[in-house]
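Working notes, beginning with the structure itself.
The values are calculated or read from the model by the stated rules, or taken from the named source; none is laboratory data. Note that the coordinates shown come from a computational prediction; the quantities given were computed from them, not determined experimentally. Backbone-built Cβ (ideal geometry, glycine too); neighbour counts: all protein chains shown.
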Amino acid sequence: MAAPHAGAGADRGDAETGPVLSDSSSGDVKRPQFGTRFLTDPRQVFQHNAWDNVEWTEEQEAAAKKKVLENNQPLPTEKQDEYDNRANEYWNDFYTIHENRFFKDRHWLFTEFPELAPKSGLNCASHPQKEVTALLHNDDASPGSSASCRILEVGCGVGNTVFPILKTNNDPGLFVYCCDFSSTAVELVKTNPEYDPERCFAFVHDLSDVEANYPVPDGTLDVIVLIFVLSALHPNKMQASINRLARLLKPGGVMLLRDYGRYDMAQLRFKKGRCLSENFYVRGDGTRVYFFTQDELHELYSEAGLEKVQNMVDRRLQVNRGKQLTMYRVWIQCKYRKPLVEQSETPG
């Protein structure tokens, strides 16, 4: 599936600065903060471009709920089916128009997801490498069969995550797989001067097609990355897609996600006539987006047999000082791990 962090300006959630995360409702412990820029005096709001860890008032949250409820008038079924059937066309059109000019490389990745950085806490070598290599060599055509650490990004777009990983992590045992729903996007990745087929393999793949094969066997990936991509799927297809990805992970492997949270500015900006179903919308360019709660994502991952490492909300106030505008963003960041020992079913 194409990376749904593409589109029209401020409606997209791909922040360039490292986000600061607040505690989740489930009691997650805060990790060391990156920005620590807090707005203590509202009169100073236009002094900086962004403020971290912004709490909402009860009135603000009530207004957001009211706005969403007013626009919750789903389009006819046949129109929804049209957007679903033509999803590939819409994403190819987007990348044909914007090519690789829309986003900058995500250097905040290594602050938020140290698992992607050199000498990370992931410790790929701790896994039973002989077993993984044997699995990979069962298919002689498998790229990266000699790698000791394997990362897959789903919804890679034009490579704004992949290329920072390759540039930062020079581990000779690293191999990065990346896929996108859009063949245009994948072609842009492959034609990038930094694309190295010895260390990376880009391919076209529809995340929602759970019967389609990946170029790696089950149980061979250390990390799977989903950045503003799950939200582009139809909600009915999300669980099966996560289940399929979970099968690709090694025991101890992790799935990393960053995506849109409920009542993000982008959700509140949608006008009537853009709602497909509850909290699911279509943009003017035909691409779609869903806005999550932490509980929804936790349920998806738990159902897939993964264990929570992190599930946190990022509330940020972005500021356009020139136009004197404030923009409230809400993103959710998750890390879920495959158990080292597969959980056996309880005897009935």
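Brief remarks on what is shown
- Residue, modelled with the highest pLDDT, within region 164-178, restricted to residues that are surrounded by fewer than 20 Cβ atoms within 10 Å (Cβ to Cβ) and over 11 Å from residue 117 (Cα atoms): 173
- Residue ID - farthest from the chain's Cα centre (by Cα), chosen from residues in region 162-203 that are within 16 Å of residue 233 (Cα to Cα) and of a type outside the set (Phe, Trp, Tyr): 182
- Residue match in region 336-343 (condition: of a type in the set (Val, Ile, Thr), modelled with pLDDT of 55 or more and more than 19 Å from the chain's Cα centre (by Cα)): yes
- In summary, residue 116 fulfils each of the numbered conditions (1) more than 20 Å from residue 166 (Cβ to Cβ); (2) modelled with pLDDT of 55 or more with the single exception of condition (1).
- For first residues located in region 210-227 and among the acidic types (Asp, Glu), partners that are crowded, with 17+ Cβ neighbours inside 10 Å and assigned to a loop (DSSP other than H, G, I, E, B) and lie 6+ apart or on another chain with Cβ distances below 8 Å form the pairs 222/122; 222/127.
- Options 159, 155: the member that is within 20 Å of the chain's Cα centre (by Cα), in contact (Cβ under 8 Å) with a residue 60 or more places away in the chain and farther than 15 Å from residue 222 by Cβ: 155
- Remark: residue 193 falls outside the filter, which requires a residue to be touching a Pro at 6+ places or on another chain (Cβ under 8 Å) and modelled with pLDDT under 95.
- Between 51, 91, 56, the distinction of being closer than 30 Å to residue 157 by Cα, out of contact with any Asp or Glu (no Cβ under 9 Å at 6 or more places or on another chain) and at pLDDT below 80 belongs to 51 only.
- Count of region 241-282 residues, restricted to those that are basic (Lys, Arg), in contact with a helix residue (DSSP H, G or I) (Cβ under 7 Å, 6 or more places away or on another chain) and more than 22 Å from residue 152 (Cβ to Cβ), is 1.
- Check on residue 230, closer than 22 Å to residue 86 by Cα, of a type outside the set (S, T, N, Q) and at pLDDT 95 or above: yes
- In region 185-242, of all residues being among the hydroxyl-bearing types (Ser, Thr, Tyr), in a loop (DSSP other than H, G, I, E, B) and touching a strand residue (DSSP E or B) at 6+ places or on another chain (Cβ under 9 Å), the one that is surrounded by the most Cβ atoms within 10 Å (Cβ to Cβ) corresponds to 220.
- Enumeration of residues in region 283-313 that are in contact with a strand residue (DSSP E or B) (Cβ under 7 Å, 6 or more places away or on another chain) and of a type in the set (Val, Ile, Thr): 289, 309, 313
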